[in-house]
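**Q** If you scroll down you'll find the structure; I have some questions about it.
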Amino acid sequence: MFKVIGGRALPAARLLAPRCGVWVESVRGRKSRNDPPAKSKEGRIKLPPPVDPVEMVVMKERFTEYNLIMRALRLEFKEEVLRKKYEEETGSLAEERARQDAEEHKILMEWNDAENRRMLKIRQLRVQKETAEADQRKLEMILKRDHERQAFIQQKEQEILQLQEDAKNFITLENLDQRIEEALDRPRNYNYAIDREGRVVKRTVLD
C-alpha cells in the first residue's frame with residue numbers, strides 16, 4: 001500500500017488503474033427568477049452596511065488628495081511631453097529664446113537692484129526725518145515741562161509769600177490780649193439779612 005500526501009492509505013490497484021473519465025463535483029445551482037423566496041428569508045429587509053462617519057471623512061479627504069495628486073502628475077507629464085515636442089520642433093529657436101530670456105532676466109534683476117537701492121535711500125531719508133521730528137517733539141515736550149515746572153514753582157512761591165504776609169495778622173500768644181481789646185472796642189454784628197443782589201436789608205441791633 002502506498003502513502004499519499006493527505007495521509008490516507010489507498011490500494012495500489014486503484015492508483016495503477018487507468019482513468020475512465022473526469023470526475024465532476026456536484027454543486028448546488030442558483031434559483032431561477034420565478035422561484036419564491038425561502039421561508040427563512042420572508043419579511044427580511046436588506047439594509048446597507050453601516051458607514052462610520054469618521055472613516056467616511058477620512059476616505060473623502062484621501063480621495064480628494066488622490067485626485068489632486070493624479071491631476072498634478074497628469075499636468076506635469078503633459079507639460080513635459082509638450083515641452084519636448086516643442087523643443088524638437090523649434091530646435092535652435094528654443095536656444096535663442098532661452099538666451100533672450102536669460103538676458104531679459106539679467107536686465108530685470110539689474111533694474112530690481114537699482115530700484116531697491118533707490119527705495120533704500122528714500123526709506124533712510126524718511127527714517128532720518130521721522131527721527132528728527134521725534135527728537136524735536138521730545139525736546140519741545142521737555143521745554144514745556146520745564147516751563148510748567150517753573151510756573152508751578154513761581155505759583156507756590158507767591159502762595160508762600162502771601163501766606164507769610166497773612167501770617168502777620170494771625171493771633172498768637174504775644175498779641176492775644178491786644179486782639180481781644182480791639183475786638184471789644186470794635187464789635188461786629190453778623191446777624192443780618194440780604195436781598196438777591198447781596199445788599200443788607202435788615203440788621204439786628206446789638207445790645
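**Q** Got a sec? Which residues in segment 134-176 would a label at Ala183 touch, if it sits 7 Å along Cα→Cβ and we count backbone N under 16 Å?
**A** Within reach of a label on Ala183: 169-176.
**Q** Among Ala98, Pro53, Gln158, whose Cα sits farthest toward the positive end of the charge dipole of segment 49-159 (+1 at Cβ of Lys/Arg, -1 at Cβ of Asp/Glu, about the Cα centre)?
**A** Farthest towards the positive end: Gln158.
**Q** Tell me, Kirkwood radius of segment 48-207 from alpha-carbon pair distances, in Å?
**A** Roughly 29.5 Å, rounded to one decimal.
**Q** Heavy-atom accessible area of Met109 with all protein chains present, probe 1.4 Å, nearest 10 Å²?
**A** 80
**Q** Here is a further query. In Å², what does the accessible area per residue of segment 96-200 work out to with a 1.4 Å probe?
**A** Accessible area per residue, segment 96-200: 98 Å².
**Q** Using a cut-off of 17 Å between alpha-carbon atoms, which aspartates and glutamates can reach Lys144, once sequence neighbours fewer than 8 places away in the same chain are excluded?
**A** Glu133, Asp135
**Q** Please calculate the 1.4 Å probe accessible area of Ser32, with all protein chains present, and give it to the nearest 10 Å².
**A** Approximately 70 Å² of Ser32 is accessible to the 1.4 Å probe.
**Q** While we're here: Roughly what would the spin-label model give for Ile153 and Arg118, points 7 Å off Cα along C-beta, in nm?
**A** A separation of 5.5 nm, rounded to one decimal place.
**Q** To continue, here is another question. If Tyr66, Tyr190, Tyr86 are ordered by their accessible area, calculated over protein heavy atoms with a 1.4 Å probe, which sequence runs from highest to lowest?
**A** Greatest to least solvent exposure: Tyr190, Tyr66, Tyr86.
**Q** With label points built 7 Å along Cα→Cβ from the Cα atoms of Leu47 and Leu73, find their separation and express it in nm.
**A** 3.9
**Q** Can you give me the three principal axis dimensions of segment 45-89 from its C-alpha atoms, in Å, biggest first?
**A** 65, 22, 5
**Q** What's the carbon and sulfur percent of segment 143-207's accessible surface, probe 1.4 angstrom, rounded to a whole number?
**A** Exposed carbon and sulfur together represent 52 percent of the surface.
**Q** Follow-up. Can you give me the three principal axis dimensions of segment 103-156 from its C-alpha atoms, in Å, biggest first?
**A** Sorted largest first, the three principal extents are 79, 8, 5 Å.
**Q** Please work out how much length the chain gains when fully extended from Gln162 to Glu110, using 0.36 nm per residue of separation minus the C-alpha to C-alpha distance, in nm with one decimal.
**A** 11.0 nm
**Q** Quickly work out the Glu133-to-Ala38 label distance, labels modelled 7 Å from Cα along the C-beta direction, and quote it in nm with one decimal.
**A** Calculated label separation equals 9.2 nm.
**Q** Can you list the lysines whose alpha carbon sits under 25 Å from that of Lys39, skipping same-chain ones fewer than 8 residues off?
**A** Lys31
**Q** Run the reach check for Lys121 against lysines, Cα to Cα strictly under 21 Å, same-chain hits fewer than 8 apart removed. What comes back?
**A** Cα-Cα hits under 21 Å: Lys129.
**Q** I've got another one for you. Any idea what the dipole of segment 119-207 comes to, in debye rounded to 20, about its Cα centre with Lys/Arg Cβ at +1 and Asp/Glu Cβ at -1?
**A** 1020
The values are calculated or read from the model by the stated rules, or taken from the named source; none is laboratory data. Since this is a predicted model, take the numbers as computed values, not measurements. Methodologically, a virtual Cβ is constructed for each residue, glycine included, from the backbone with ideal geometry; neighbour enumeration extends over all protein chains shown. Ligands, DNA and RNA are excluded from the accessible area calculation, which covers all protein heavy atoms including side chains. Shrake-Rupley method; radii C 1.70, N 1.55, O 1.52, S 1.80 Å.
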